[in-house]
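Q: Dropping a structure here in C-alpha cells format, bear with me for questions.
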Amino acid sequence: MARYIGPKTKVARKFREPIFGPDKYFEKRNYPPGQHGLTKKRGTKQSEYGIQLAEKQKVKYTYGILERQFAKIFDLASRKDGITGENLLKFIESRLDNVVFRMGIAPSRQAARQLVSHCHITVNGQVVNVSSYLLRSGDIIGVRERAKSLEVIANSLSSRANKYAWLEWDSTSLTGKFLNAPSRDEIPENIKEQLIVELYSK
C-alpha cells in the first residue's frame with residue numbers, strides 16, 4: 001500500500017510542528033521550506049478552506065493514513081453518537097499500528113506499521129497484519145514469540161514509559177491490553193479536529 005516515504009523534516013517544517021516526533025533538523029530550521037521560507041511573514045493571510053485542509057493533511061501525515069482510509073474513518077465517526085471530531089480521533093487512536101506505537105513496541109508509527117505488516121504482532125492470540133485494524137475494548141495485543149528478540153522491539157521497549165491510562169502493558173510476556181479508546185484530553189497531539197469536521201461538512 002502506498003505510504004509517504006519522502007523527507008519528513010520538510011513536511012514538519014510546512015506545519016511548523018515536529019509531527020513525526022523529535023527532529024534535530026526541524027529544531028535548527030523551524031520555518032517553512034523553500035527559498036522564501038525564512039523571510040515569509042507569519043501573518044500571511046490563509047483562506048478558511050486552506051486552514052481546514054492543512055489540519056486534515058497534518059493528521060494524515062501524523063498517523064500515516066491515506067485519503068480513502070481517512071474518509072472511511074470520518075464516515076464512521078459521523079455516524080456514531082457523540083462529538084464527531086472526538087469520535088474521529090478515538091477511531092484513529094484505536095488503529096492497531098497506533099496502539100503498537102503507543103505501547104512502546106515500536107519507536108514510531110511507521111515502524112509499527114512495518115511490524116504489523118510483517119506478521120510480528122498478534123491480537124487476542126491471532127496474527128493480524130492489517131495496520132488499520134480497529135481494536136475494541138479488552139483486546140490483547142502481543143509480540144509473536146519469534147519476534148521478541150528483534151532489535152527494533154528490544155530497543156524501543158527499553159526506553160518506553162507507560163504514560164497512557166487507556167493501555168496496560170506486561171513487560172514479562174510482552175503483551176498489552178487495549179482498555180478503551182482514549183478521551184480527547186488523553187491524546188497529546190496538537191490537533192484542531194473541529195476544523196476537519198467543518199471541512200467535511202461543506
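Q: Loop-only trypsin sites (Lys or Arg not before Pro) in the range 118-178, please: DSSP not H, G, I, E or B, and at most 16 other Cβ atoms within 10 Å. Please report the intermediate quantities before stating the final value.
A: Numbers: sites: R136, R144, R146, K148, R160, K163, K177; in loops: R136, R144, K148, R160, K163.
Filter output for the range 118-178: R136, R144, K148, R160, K163.
Q: Hey, another quick one. So what J values fall out for the range 170-175 if you push phi through Karplus, 6.51 cos²θ - 1.76 cosθ + 1.60 with θ = phi - 60°, rounded to Hz, Gly and Pro as x?
A: Working through the residues one at a time gives 10, 5, 6, 9, 6, 10 Hz.
Q: Additional query: For a quick check: with amide H placed at 1.01 Å from N, whose amide H comes under 5 Å from I105's, ignoring anything fewer than 5 positions away on the same chain?
A: Sorted by chain and number, the residues that satisfy this come to none at all.
Q: Using a basic spin-label model with each label point 7 Å from the Cα along Cα→Cβ, how many nm lie between E189 and V128?
A: Simple spin-label model gives 1.8 nm for this pair.
Q: Could you list, bin by bin from short to long, the percent of Cα-Cα pairs of the range 95-180 in 10 Å steps?
A: Per 10 Å bin, starting at 0, the Cα pair percentages come out as 19, 62, 18.
Q: Right, another one. In a shell of Cβ-Cβ distance under 9 Å around F70, excluding F70 itself, what net charge do Lys and Arg (+1) and Asp and Glu (-1) give?
A: On the way: positive: K56, K60, R68, K72; negative: E67.
Summing Lys and Arg as +1 and Asp and Glu as -1 gives +3.
Laboratory data are not the source of any read-out in this text; all were calculated from the coordinates shown. Not measured: the values here are computed from a predicted model. When we count neighbours, we look across all protein chains shown, and the Cβ atoms used for this are built from the backbone with ideal geometry, even at glycine.
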